[in-house]
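The values are calculated or read from the model by the stated rules, or taken from the named source; none is laboratory data. Computed from a predicted structure; not experimentally measured. A quick note on method: Cβ atoms are made from the backbone with ideal geometry, for glycine too, and the neighbour counts reach across all protein chains shown. The protein model used for the area step is the full one, side chains on, heavy atoms only, and it has no ligands, DNA or RNA in it. Shrake-Rupley method; radii C 1.70, N 1.55, O 1.52, S 1.80 Å.
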Amino acid sequence: MDKFLIRGGKPLKGTVKISGAKNSALPCLAATLLTAETVTLHNVPYVKDLITQRRLLEDLGATVLTPELHTQKIRAANIEIYEAPYELVKTMRASVLALGPLLARFGQAKVSLPGGCAIGTRPIDLHLKAFEQLGATISLESGDVVARAPKGRLTGAETFFEKVSVTGTENVLMAASLAKGKTTIHNAAREPEIEDLAELLNKMGAKIVGAGTETITIEGVESLGAAEHTIIPDRIETGTFIIAAAITGGELEIQNCQPQHLAAVIEKLREVGVEIEERGQNTLFVKCCKNGLQSKDVTTEPHPRFPTDMQAQYMALMTQAEGTAAVVETIFENRFMHVGELIRMGANIQISGNTAIVKGKTNLMGAPILASDLRASASLVLAGLAAAGETLIDRVYHIDRGYETIVKKLNEIGADIERITENLTMSAE
Ligand code: UD1
């Protein structure tokens, strides 16, 4: 298993370009299953989860061409199987996003029920309930969810999410696009990735209004067609690089980002003392921190509030701030896996229920540590960049799921980080 070796204590300086959003590209790739015509997606990040999603599409019978590294041309004309197998679902939960499109276009779909993962149980009951409201029958057969639409087509309906669900909203958005009649999604997720997916679907011929608000209406159409679309920038990668600049006392220009997609993160980091300047629409300049960092509490909540996907990275930063910060996680029940590792590096953190109390400022020291999930890994990289001495992070395959060429990007802005591959040779990625 690959490891990262970080020699910390170097302020990051220079320019970094943000990649396309993993969490937008995943549903957009799934949406290509809704049509027999070619859909071209630009700005697709080259990360492990997208390679897995591409493999899923190909296993189902789609043709995927990659004329350039970040462009994918997908033609799902000859789909013969309607099934996402356990081997794929267990490595990437986003494969459940195949359920909505397959059910809508072919009237049937089988997707292995995702089990729990490191950050919690992560059920899909709300997706399934909404599909039932659209007329589907759902059964569980040997660990697989089997969904069928009576007479081969879903029917538009009023659907209500008891809890805001990003992937759930996306699945219903795709399914309802080809349903007969009108669907309304109440208490829909409002993440920018939902708006991006809706924009792609509308380009394909869907009739979706209200994406980005809590009520979305979809007028079902008979068929969808070809489209070309550019994926939005990754707001979590953007936030991670802001914190990378802040935690190392550096100066960073962050290009190709969309600051309005992470307004809550920028606002919180400014409160903490990070100087963040917007230069035009797609560039941020980050400088840290003439008056040091001050601890501030944070609570994770659905968009547009502070995202759970930035909680671990924010906690790493709080170890370097003066005072006490309560970090409250309300989205996932087990998302503090990074805490034990940060403590090994010298952090002072106590967990009580869904709250972590971080006392700062503590001097972090390099140590051998273990990455446990995607965002936790990012937080450990950040801590390693701030720590004195060497940090060796094991199981970095988690970070490869969602951060494109992170070692290269960090080295280009002055970090000292190398990937140690399985056979113990070094590579610059
Ligand atoms: C998505 C993101 C993930 C991010 C999360 C929260 C993708 C591929 N993943 O995950 O990176 O951390 O949003 O912003 O975009 N829930 C249920 N039943 C369901 C669905 C969800 O109880 O059927 C619960 C979950 O357990 C969790 C909460 O609702 O507590 C939010 O989950 P959800 O928004 O669905 O997260 P994901 O879409 O899995």
What the 10 Å binned alpha carbon P(r) of region 1-136 shows, as percent of pairs per bin from 0, is 11, 36, 31, 14, 6, 1
What nm distance separates the two modelled labels at Glu333 and His186, each placed 7 Å from Cα along Cα→Cβ? 2.7
Thr155 accessible area, 1.4 Å probe, all protein chains in place, Å² to nearest 10: 70
Output the 0 to 90 degree angle, nearest 10, between the alpha-carbon long axis of helix 235-247 and the longest principal axis computed from the alpha carbons of the chain. 0
Could you tell me what a quarter of the Cα convex hull surface of region 216-370 works out to, in nm² with one decimal place? 12.0
So how exposed is Lys409, as accessible area in Å² (1.4 Å probe, rounded to 10)? 20
Could you compute how much accessible surface Tyr397 exposes when probed at 1.4 Å, giving the result in Å² to the nearest 10? 100
To check my understanding: the extent here is largest minus smallest coordinate of the Cα atoms along each principal axis. What are those three numbers for region 251-338, in Å, largest first? 38, 28, 18
What per residue convex hull volume, in Å³, comes out for the chain when only alpha-carbon positions are used? 128
Sorted by accessible area with a 1.4 angstrom probe, largest first, how do Asp234, Asp309 fall? Asp309, Asp234
Considering just Cα atoms, how many Å³ per residue does the convex hull of region 22-230 enclose? 101
May I ask what percent, to the nearest 5, of DSSP beta bridges between residues of region 22-230 are antiparallel? 70
